[in-house]
Number of protein chains: 2
Amino acid sequence: MTESRPNNPASDQSGLLLEAFDAQLFRETSETALAKLEKHLSDQSIRGLELTDPAKLSEAAKALMTTERERVAAFDEEKLAGIIDLYIRTGIQVHSPGYMGRQFSGVVPLAGVIDFVSSVVNQPASFYEAAQLPNAVERIMADELNRFIGWDPARFTMVTTSGGSLANLTALLAARNQKLPGYWSEGGSSLRGQPRPAIAVGADVHYSVARAAGVMGIGEAQLVRLPLNSRGQICVADARPALEAAERQNLKVFCLVASAGSTSVGAFDPIDELAVLAREKDLWLHVDGAHGASLLVSDTLRAKLRGIDKADSLTWDAHKMMFVPAPCTMLFYRDKEASLTAFRQKASYVFDEEPDIYTAYDSGGKNFECTKRPMIMTLWSLWAMYGPALFAEKIEYLCQLTEEAHAIVRAEPDFETLHRPEANILCFRYHPAGVRKEEVHRLQIAIRNSVKLRGNFFISKVNVDGVAALRVVMMNHQITGEHFRMLISEIRRTGQDLLSSEAATETA
Amino acid sequence: MTESRPNNPASDQSGLLLEAFDAQLFRETSETALAKLEKHLSDQSIRGLELTDPAKLSEAAKALMTTERERVAAFDEEKLAGIIDLYIRTGIQVHSPGYMGRQFSGVVPLAGVIDFVSSVVNQPASFYEAAQLPNAVERIMADELNRFIGWDPARFTMVTTSGGSLANLTALLAARNQKLPGYWSEGGSSLRGQPRPAIAVGADVHYSVARAAGVMGIGEAQLVRLPLNSRGQICVADARPALEAAERQNLKVFCLVASAGSTSVGAFDPIDELAVLAREKDLWLHVDGAHGASLLVSDTLRAKLRGIDKADSLTWDAHKMMFVPAPCTMLFYRDKEASLTAFRQKASYVFDEEPDIYTAYDSGGKNFECTKRPMIMTLWSLWAMYGPALFAEKIEYLCQLTEEAHAIVRAEPDFETLHRPEANILCFRYHPAGVRKEEVHRLQIAIRNSVKLRGNFFISKVNVDGVAALRVVMMNHQITGEHFRMLISEIRRTGQDLLSSEAATETA
């Protein structure tokens, strides 16, 4: 390392740049943030979301912005503290037991710390030389997790990408380009006179898959929606006739997408049986395990994904059930050659002419991003420090808690259960006697919104068979059955209030 | 807020979860990271990259992983310190004046602090209710920056997304769906018998645009590459005949992509003139300003993007010339209606049936991500604390430094300049007398790799007119002309060593 140091250019520059890049100020602002985050993580009160009028929040934000005139003065610690306070306060309180709402979670705090390092050292991860450790541990992590998938260690591969939607699209591109070889270069026009390409999905598939068909030039209308059984899984007995009907309509299905589990109710499609069908029909089998793939790390829950070793690709979000900051998505391919078919191009400034031991680790040719966050670092660090036990223990608790919640709802005569939960997602309705069927939908939406506005609990809603349902996703191991009973009471009280005020309006 | 608190579930759980979510441990590990980062930021020695054999690095990483047997013991602070040390040490030293290599940079430290808050509070930003402040300030930031673009404040819109490649794809989808209305639903098959859709680009366009054509089902071969002038800009005089030739080949060009500036040499296409052409031919005009849009905030540099007010969309990476952690990309549309055409779908669990004042702020329908990092928070926080001056001052210094570097290279008889820099990117060659033309390409690659391996400086390489060139990107305001002279000396020394060892081999 050269130690000689030319004159500091700062002499030509105002104090602004000197201040903004000052290491001492970095320490002070970090300490401010850390103190507030520590307090936030320690607060175990039951709370959901403080929903704020966007116009009012914008005013509050603007009041924290330094005006040009104020800039002559020194750094305004108070305004920074105000920004961090407002940021923390207005978020969904994902670390509180009141949060039962969505598939993101209160992160394992250490993952936040590692992400802090990532933010400062700024190593974009699509190329080995720009992010050596992230690229090295990406392979380690891939090997660790493939032990649970069960693919040939010498043949499989994994690439990280910014979210499950993008991973699904990437896998579908690889499928399209493998099964329809002219498509990458010539586009849809290459198929003149041939059947229209199509993708088979469960009727309840995540919206990103339907969207991918629109993006890829396959066309959103070219989805073959396979019927579900009463548990919300693709019904294999009905799938074959549905595929054959599609063929008769001059569609060429090239890919089958299974969910593990579905976003709405957490249902796991029968991968094992679908793999047989996929092989028979020469379909690429992609499994969207954004939510549920994490169950693979648990000895007791792994069987939900039976047959995963026969899939061609798997989307796995670590920012869902592995509790790291979003996004951290892994896309696994059974065959590494296939991963190279998603994109093909050359660019001399990033892709080296002569591959070497370093560029062999590059992922830029396999993921959408040219500049990619080194997202694997959070997951690998947790894995390095705690091993699989941390994840397995938490996931098992959450699934068991959801079972318990299901039993609690079933015991309440004015509530309706809709499915036996397969993982940590539970959908149900408040449906007391006397409420007409056509009122149930609106009632659930009104309850969900009222509960949200009250701010004690945060839950979500989803349509099940076309009718709204209340949905809880258990992501916090500090939630107990007792907390869920409190939620049930609040839902009942809210529902009764809504019904009686409606009755009053009708009478008036 | 409900304060009552049911029994802690931890009684059923092992110490593992208790420990991993302990706020005190969070403080301790944060302090460890902070101390190392502060030291890292304070180190102003001249250094590039310590390139490491991936196999050796993997071994080092594995040695830091706790084995199952060790897990019985308490949290291993030492291993964590080892992980953070290894992470910092093996990155490109973007905060050092030795780093002149790529378009990412040493971040403004405060942006790293805010990103730390984002990592812990975990507010996915595609939906207002999950990330209230990020969504509110996204509009504030859009308004602030649109003052420099100049679009109708009531009509334009901006959406954040995970990187410039994705922003370019999103804009091209909006263009495709607007100009070819059946494509989203029916795909490429909807155009049977019609001309093939195509995209016009500068011959030097970023690889993500060519890739987008392949992704979208347009086909990578349906790019109409417009000739460049000697400065690396699209030559408008040649563009019209090129477009007309494409029409004669039965191509329907629907979109024109201009660069501001180009990745290779930082050239700014003449947007003003291209806008006239685009209007005449009914083309969507997209400007890839991933690198150069930030020049808009500078009064002295803004003119490089003259005509931007006539474009339809603009990609702007804040993780390049606004010095925040990657990714933070903004995609601007002149017409907010157009932003809705990139994707169309419904999903009851995320898109509300009845839009209200809250869901009006949702961006999930306009960006790829369902779970999106609240990336705007870093940029807005810097803007709130420092205003535009921080960015303008730094960018102006970097561009002026690059001018100076150009003058330095021009004065060296054994070096060859290739362009007058328009921004902070400079390409040149080491080409002493006596080196045959056909040897120049390999010599530059060999020099680049040797310099990289020596570890004092990190620069990149790019092909200019098919021949490799050395490329510096000035991203650090602590670099001076003196540092650049040191680099030039190192390149000369390296080049001479390579040439004399080759000569020795030939003689032997």
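The residue that is farthest from the chain's Cα centre (by Cα), counting only those in the stretch A:78-109 that are open to solvent by 10 Å² or more (accessible area, probe 1.4 Å) and aliphatic (A, V, I, L, M), is A:81.
Looking across the stretch B:184-205, just one residue is more than 8 Å from chain A (Cβ to nearest Cβ), more than 24 Å from the chain's Cα centre (by Cα) and crowded, with 22+ Cβ neighbours inside 10 Å, and that is B:198. Here the strands (runs of 3 or more DSSP E) wholly within the stretch B:258-351 that include at least 2 residues being free of Cβ contacts under 8 Å to residues at least 40 places away in the same chain and under 21 Å from the mean Cα position of the chain (by Cα) are B:284-288. Among the candidates A:133, A:166, A:191, the residue that is in contact with a Phe, Trp or Tyr (Cβ under 7 Å, 6 or more places away or on another chain), in the same structural domain as residue A:317 (by TED's automatic domain parsing) and under 30 Å from residue A:224 (Cβ atoms) is uniquely A:166. In the stretch B:396-408, how many residues are within 11 Å of chain A (Cβ to nearest Cβ) and not charged (D, E, K, R)? Adding up the residues that qualify gives 4.
The set of residues in the stretch A:392-415 being open to solvent by less than 40 Å² (accessible area, probe 1.4 Å) and within 16 Å of residue B:15 (Cβ to Cβ) consists of A:392, A:394, A:397. State the number of residues belonging to the stretch A:206-231 that are open to solvent by 10 Å² or more (accessible area, probe 1.4 Å), in contact with a strand residue (DSSP E or B) (Cβ under 8 Å, 6 or more places away or on another chain) and more than 10 Å from chain B (Cβ to nearest Cβ). Total satisfying the criteria: 5. Looking only at residues of the stretch A:41-65 that are part of a helix (DSSP H, G or I) and within 7 Å of chain B (Cβ to nearest Cβ), we find that the one that is most open to solvent (accessible area, probe 1.4 Å) is A:62.
Entry remark, the stretch A:31-48: residues being without any contact (Cβ under 8 Å) to a residue 24 or more places away in the chain and either in contact with a Lys or Arg (Cβ under 7 Å, 6 or more places away or on another chain) or of a type in the set (Ser, Thr, Tyr) (or both) number 3 in total.
Yes/no per residue for (1) open to solvent by 30 Å² or more (accessible area, probe 1.4 Å); (2) within 14 Å of another protein chain (Cβ to nearest Cβ); (3) among the charged types (D, E, K, R):
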| residue | (1), (2), (3) |
| --- | --- |
| B:297 | no, yes, no |
| B:300 | yes, no, no |
| B:317 | no, yes, yes |
| B:325 | no, yes, no |
| B:359 | no, yes, no |
| B:367 | no, yes, no |
| B:374 | no, yes, no |
| B:390 | no, yes, no |
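Evaluated against (1) open to solvent by less than 10 Å² (accessible area, probe 1.4 Å); (2) more than 10 Å from every other protein chain (Cβ to nearest Cβ), residue B:418 falls short on exactly one condition, (1). Only residues that are aliphatic (A, V, I, L, M) and open to solvent by less than 20 Å² (accessible area, probe 1.4 Å) were counted across the stretch A:436-467, and they come to 6.
Consider the stretch B:120-139 and keep the residues that are open to solvent by 10 Å² or more (accessible area, probe 1.4 Å) and part of a helix (DSSP H, G or I). The one that is farthest from the other protein chains (Cβ to nearest Cβ) is B:138. The residues on offer are B:153, B:181, and the sole one that is surrounded by fewer than 24 Cβ atoms within 10 Å (Cβ to Cβ), in the same structural domain as residue B:298 (by TED's automatic domain parsing) and closer than 30 Å to residue A:197 by Cα is B:181.
The values are calculated or read from the model by the stated rules, or taken from the named source; none is laboratory data. Model, not experiment: these values are computed from the prediction. Please note: Cβ atoms are built from the backbone with ideal geometry, for glycine as well, and neighbour counts cover all protein chains shown. In case anyone asks, the SASA skips ligands and DNA or RNA and just uses the protein heavy atoms, side chains included. Shrake-Rupley method; radii C 1.70, N 1.55, O 1.52, S 1.80 Å.
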